[in-house]
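The values are calculated or read from the model by the stated rules, or taken from the named source; none is laboratory data. Everything numeric in this text was worked out from a predicted model, so none of it was measured. Please note: Cβ atoms are built from the backbone with ideal geometry, for glycine as well, and neighbour counts cover all protein chains shown. Just so you know, the surface numbers come from the protein's heavy atoms only, side chains and all, with ligands and any DNA or RNA stripped out. Shrake-Rupley method; radii C 1.70, N 1.55, O 1.52, S 1.80 Å.
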Amino acid sequence: MTVRVRFAPSPTGMFHVGGARSALQNWIYAKQQGGVFVLRVEDTDAARNKPEWTEGILSALDWIGISRGSYEGPYFQSQNAGEHRAAAARLYESGRAYYCDCTREDVQARTGSQHQGYDGYHRDLGLGPGEGRALRFRTPDEGTTVVVDLIRGEPTFENRLIEDFVIARGDGSAVFLLANVVDDMTMGITHVIRAEEHLPNTPKQQLLWDALGVKPPVWAHVPVVVNEKRQKLSKRRDKVALEAYRDEGYLAGAMRNYLMLLGWAPSGDREIVPWSVIEDEFRLEEVNPSPAFFDEKKLRAFNGEYIRALPVAEFIDACQPWLTGTGTIAPPPWQPEEFDADAFAAVAPLAQTRIAVLSEIVPNVDFLFLAAPTIDEAAWTKTMKDGSADLLDAAVAAFEALESWDAESLKSTLEAVGAERGLKLGKTQAPVRVAVTGRTIGLPLFESLEVLGRERTLTRMRAARLRLV
Ligand code: GLU
C-alpha cells in the first residue's frame, strides 16, 4: 500500500509556523515511506478565505523546500463539494444520520443548561430533509472509539460522551468534520499527520470513516506550539507568520531545521544538522507529545550560525533583497541612493560574522550607500563631548595628510591623534564612527573608512565638525 499523506491548510491568514512544521513532518514522512504528499487547500469557509492567503501559503511552502510541482495538488476543498453532499446523503439514507431543526435555545430549554451538547431530541422523530434542517450523525450509544495515533498511542473515547454532531448545515453543505473526512477518503489518504488541536475531532471523524465503510487512516497528532509563557502561539500575540520570518531575513535552511526540532531531536548532541540527516533520522513515532516551545531567541542564534556558514558569495546574494529592494521582501526595506556591489563585497565578510538575520545588514552598511549618513541623534548626543570638535579637527588634518588610504594607516594615525590627548583608541574612534556612519556600533571602523574612501570620509567628518560649532 502506498503511503499517502496530506497537508491541508485553511487559507484564513498568514502561514503559521506550526503549520509549516506539520507540513515538513508530512513531507519527510512521505519521503521516508516512498509515499506521496498531497496539498489540499481547505477553502470552504468562504467568509474567512482569501485567494492571496492561498498564494502566500504556496510560496511560503516553496521557500521552505516543499516546492511547487513536487507534490500532488494543490486540490481545493470547495471543488469537492458534490462529494461532500453525496456522503451526507449516504449517511442519511443508511440511517446513520438524521435531520434536526432544533435551535440552540430549544436544546437549552430542554436540558436547562447552556453547556450541555445536543440531547438527541430528533434521533427517532423521523424528520425528513428540508430548508433549515441540519443533518446530525447518530453516534453509537455504547462502546469506545480507539484512535491509533503514531505519537500518542491509542487515545480512547467513550462513544456515549460524543454528542450527535452536525455533519451538514441547513443549506445542505457539509461542515468541516465531514468535508475533511470525505476529502481524505477521496484522495486515498493513509496517514493523517496534523496538529494536536484537532485531536478532539478525531473520534468523530473516525466514526464517520467507519459509517462510510472505509478503513480509517493512521493518525499522528503533533504537539501544539507554545510561547515562553506556555501559551499556544497565537497570531494576535506572537510572531507566527512564516512569511514574517522570511522577510526579516531568516534563511530557509535554518528555519526548517529549527521547525523540525519542535518536539524532536537528531541523534547525538547535535541540533544544527544538514537537512539530509533530518530526512534520514526523523521518526514520527519519536515526536514528543508535550507542547513544543517555539524559542525565537534560539531560532535567531541558529540563523546566525547558518549565516556564518554560508560561502561569502552566497551571503552577498542572500543580502540583495534588503540592499537593493529586489526579490520578494515586503515591504521594500530601504532604498540605497548609490548601491555599489564592489563596496558591499569588500565589507560583506565583516558583516557576515556580526548579524543574526539578514535584514540587520541594512544598519551595518547603509552608510556606504547613502549620500550622507543617517545620524542617530541619541548616539550623537551620547558620543559628542567637549573634546570632540578638537579631536575631529586633528583627525581630519591627520587623515588629509595620509599617503595611503588603508585600514592599517588610518588606525595608526587615529591612534596617534588620540594618544596626544591621552585617549584610548575606543574613545578616539567613537566620534569618528558617529560622524561617518551616524551610529555608535557597526562594522570595524577602519575597514569601513577604507571602503568608504578618502573624499567621502573627510566630507562627513568636516560636516560633523560643523555641527559641533
Ligand atoms: N484545515 C485544517 C486546519 O488548517 C486542517 C485539518 C486537518 O489537517 O485535518 O486546521
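Results, tabulated for the structure shown:
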{"quantity": "Hey, GLY56 surrounded by 15 or more Cβ atoms within 10 Å (Cβ to Cβ), away from the ligand (no atom under 12 Å from the Cβ), in a helix (DSSP H, G or I) and in contact (Cβ under 8 Å) with a residue 24 or more places away in the chain or not", "calculated": "yes"}
{"quantity": "Residues (touching a helix residue (DSSP H, G or I) at 6+ places or on another chain (Cβ under 6 Å) and among the acidic types (Asp, Glu)) located in the stretch 91-140", "calculated": "ASP119"}
{"quantity": "Total residues in the stretch 197-219, condition closer than 28 Å to ARG90 by Cβ and within 13 Å of the ligand (Cβ to nearest atom)", "calculated": "13"}
{"quantity": "Pair list, Cβ under 6 Å, 6 or more apart: the stretch 70-86 residue more than 16 Å from PRO11 (Cα to Cα) and hydroxyl-bearing (Ser, Thr, Tyr), other residue modelled with pLDDT of 95 or more and surrounded by 15 or more Cβ atoms within 10 Å (Cβ to Cβ)", "calculated": "TYR71/PHE37; TYR71/LEU39"}
{"quantity": "Pick from the stretch 283-305, criterion charged (D, E, K, R) and assigned to a helix (DSSP H, G or I), ranking: most open to solvent (accessible area, probe 1.4 Å)", "calculated": "LYS297"}
{"quantity": "Filter result (open to solvent by 20 Å² or more (accessible area, probe 1.4 Å) and either in a strand (DSSP E or B) or within 11 Å of the ligand (Cβ to nearest atom) (or both)) within the stretch 157-173", "calculated": "PHE157, GLU158, VAL166"}
{"quantity": "Qualifying positions in the stretch 253-279 - open to solvent by 20 Å² or more (accessible area, probe 1.4 Å) and free of Cβ contacts under 8 Å to residues at least 24 places away in the same chain", "calculated": "LEU261, ALA265, SER267, GLY268, ASP269, ARG270, PRO274, SER276, VAL277"}
{"quantity": "Options SER409, SER448; residue that is outside any loop (DSSP other than H, G, I, E, B), of a type in the set (Ser, Thr, Tyr) and crowded, with 19+ Cβ neighbours inside 10 Å", "calculated": "SER448"}
{"quantity": "Enumeration of residues in the stretch 23-44 that are of a type in the set (S, T, N, Q), open to solvent by 10 Å² or more (accessible area, probe 1.4 Å) and either in a helix (DSSP H, G or I) or more than 13 Å from the ligand (Cβ to nearest atom) (or both)", "calculated": "GLN32, GLN33"}
{"quantity": "Among the residues listed as VAL432, VAL417, VAL436, the single one being part of a helix (DSSP H, G or I) and either in contact (Cβ under 8 Å) with a residue 60 or more places away in the chain or small (Gly, Ala, Ser) (or both)", "calculated": "VAL436"}
{"quantity": "Residue check for PHE399: open to solvent by 10 Å² or more (accessible area, probe 1.4 Å) and modelled with pLDDT of 95 or more", "calculated": "no"}
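Condition check ((1) modelled with pLDDT under 95; (2) open to solvent by less than 30 Å² (accessible area, probe 1.4 Å); (3) within 20 Å of GLU83 (Cα to Cα); (4) not polar (S, T, N, Q)) across all residues:
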| site | (1), (2), (3), (4) |
| --- | --- |
| PHE137 | no, yes, yes, yes |
| THR144 | no, no, no, no |
| PRO155 | no, yes, no, yes |
| ASP183 | no, yes, yes, yes |
| VAL192 | no, yes, yes, yes |
| PRO203 | no, yes, no, yes |
| LEU208 | no, yes, yes, yes |
